[in-house]
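Undergrad: Below is one structure. I have some questions about it.
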Amino acid sequence: MSSFQQILNDPKPVLIDFYAEWCGPCKMMPPILKELKEKMGETLRIIKIDVDKNQQIASKYQVRGVPTLMLMKEGSVLWKLWGDGCK
């Protein structure tokens with residue numbers, strides 16, 4: 001399995017779903033992300049990061065609430081959207 005940093009530095013875009021198990025709005029994301037993956041195929045990698053289990057990563061990317069979606073390519077943040085759902 002690739003390390004998180006290797007995934008982020010890959011030339012393939014990566015959509016990161018920062019979530020928490022206790023967050024209601026986060027539970028609505030899986031079907032949306034599944035549909036996106038079906039449309040994008042292998043051109044996009046989607047990963048999920050539990051902010052409670054990965055606090056250091058969440059802090060590094062300034063995740064202030066969940067769900068937060070972040071699109072990265074070759075280590076650079078291209079787009080970021082965070083919800084007010086849960087903090």
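Undergrad: Could you check, for region 50-59, whether at least one of its residues is surrounded by 15 or more Cβ atoms within 10 Å (Cβ to Cβ) and of a type in the set (S, T, Y)?
TA: Looking through region 50-59, none of the residues is surrounded by 15 or more Cβ atoms within 10 Å (Cβ to Cβ) and of a type in the set (S, T, Y).
Undergrad: Moving on to the next point. Residue by residue through region 11-39, note down the ones that are loosely packed, with under 15 Cβ neighbours inside 10 Å and either of a type in the set (D, E) or under 17 Å from K60 (Cβ atoms) (or both).
TA: Across region 11-39, the qualifying residues are E21, E35, E38.
Residues checked against (1) in contact with a Leu (Cβ under 8 Å, 6 or more places away or on another chain); (2) of a type in the set (D, E):
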residue: D10; (1), (2): no, yes
residue: K27; (1), (2): no, no
residue: L33; (1), (2): yes, no
residue: G41; (1), (2): no, no
residue: L44; (1), (2): yes, no
residue: V51; (1), (2): no, no
residue: Q62; (1), (2): no, no
residue: L81; (1), (2): yes, no
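Undergrad: Moving to a separate point now. Just for region 7-23: of the residues that are at pLDDT below 95 and under 13 Å from the mean Cα position of the chain (by Cα), which one is nearest to W82 (Cα to Cα)?
TA: Top of the filtered list is L8.
Quick grid of which residues meet (1) modelled with pLDDT under 95; (2) surrounded by 11 or more Cβ atoms within 10 Å (Cβ to Cβ):
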position	(1), (2)
Q5	yes, no
G41	no, no
M72	no, yes
L81	yes, no
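The values are calculated or read from the model by the stated rules, or taken from the named source; none is laboratory data. Since we're looking at a predicted model, the values are computed, not measured. FYI the Cβ positions are ideal-geometry reconstructions off the backbone, even for glycines, and counts take in every protein chain you see.
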